[in-house]
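Written out below as structure tokens is the structure these notes cover.
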Amino acid sequence: MGLPDETTDAGFLEQWYFTANDPGIKTAWDYLMKNDFSYGGNGDTIVAVIDTGVDYNHEDLAASMWTNNAEFMGVPGVDDDGDGFVDDIYGASTVSDKYEHTGNPMDDHGHGTHVAGIIGMTLFNGKGGVGVAPSARIMAVKAGQANGQFSSTDIAEAIDYAVMMGADVINMSFGSYANSA
């Protein structure tokens, strides 16, 4: 199978990170293919996206989502794996105090879904674009509020969750207009 393009994924040419100043993604993919590796990444690699959540139903992300099988196969409304989160099938929300944490990491801001797309949009599905590691599994960890703000406690709890659930990589692409001191 060749490299993706606008015929395999409609939005491919609109993805600036594949063409801007030659970031080397296509070169890396070519190297991996020549050495008998999948340029899409390893399907066993779990990337935790700690952000404003992820739209795990998105047509270009649903197939790339990590699944907590203990909860997926478990009883609805029960913390089947005993991790402190009920029904955390695709990840969890650590927003607010621990009593308000949920197993629903749905994005209500948009940034987390955007970031997850750059990482893991589905390859060769004729929709949207392509992630740089489309075979990786995206674990959604919502630490950001609907207004895009984060607390350090929510971020720390999100990191703890991602590590506890076996994330191989943690992505946190936070930004701010505040000066750093």
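Restrict the check to segment 45-54 and report whether at least one residue is free of Cβ contacts under 8 Å to residues at least 60 places away in the same chain, in contact with an Asp or Glu (Cβ under 8 Å, 6 or more places away or on another chain) and either over 19 Å from Val169 (Cα atoms) or surrounded by fewer than 19 Cβ atoms within 10 Å (Cβ to Cβ) (or both). Before the answer, list the steps.
Filtering segment 45-54 down to residues free of Cβ contacts under 8 Å to residues at least 60 places away in the same chain leaves none.
No, because not a single residue in segment 45-54 is free of Cβ contacts under 8 Å to residues at least 60 places away in the same chain, in contact with an Asp or Glu (Cβ under 8 Å, 6 or more places away or on another chain) and either over 19 Å from Val169 (Cα atoms) or surrounded by fewer than 19 Cβ atoms within 10 Å (Cβ to Cβ) (or both).
Quick check, is Thr67 in contact with a helix residue (DSSP H, G or I) (Cβ under 8 Å, 6 or more places away or on another chain) and among the polar types (S, T, N, Q)?
Spelling it out, it is not the case that Thr67 is in contact with a helix residue (DSSP H, G or I) (Cβ under 8 Å, 6 or more places away or on another chain) and among the polar types (S, T, N, Q).
In this structure, does Asp79 turn out to be surrounded by 15 or more Cβ atoms within 10 Å (Cβ to Cβ), more than 22 Å from the chain's Cα centre (by Cα) and either not in a loop (DSSP other than H, G, I, E, B) or not basic (Lys, Arg) (or both)?
yes
So is Thr122 among the polar types (S, T, N, Q) and assigned to a helix (DSSP H, G or I) or not?
no
Any idea which of Gly91, Gly131, Gly112 is touching a Pro at 6+ places or on another chain (Cβ under 7 Å) and either farther than 25 Å from Asn42 by Cα or surrounded by 14 or more Cβ atoms within 10 Å (Cβ to Cβ) (or both)?
Going through Gly91, Gly131, Gly112 in turn, the sole match is Gly91.
Filtering segment 34-43 down to residues that are free of Cβ contacts under 8 Å to residues at least 60 places away in the same chain and exposed (fewer than 15 other Cβ atoms within 10 Å of the Cβ), which residue is nearest to Ala143 (Cα to Cα)?
If we take residues in segment 34-43 being free of Cβ contacts under 8 Å to residues at least 60 places away in the same chain and exposed (fewer than 15 other Cβ atoms within 10 Å of the Cβ), then Phe37 is nearest to Ala143 (Cα to Cα).
Only one of Gly129, Gly84, Gly166, Gly148 is closer than 22 Å to Lys26 by Cβ and in a loop (DSSP other than H, G, I, E, B); which?
Gly129
Quick note: the coordinates plus some simple rules give every number you see, no bench work behind them. All of these numbers come straight from a predicted model, not from anything done at the bench. Using ideal geometry, Cβ is built from the backbone for each residue, glycine included, and neighbour counts are taken over all protein chains shown.
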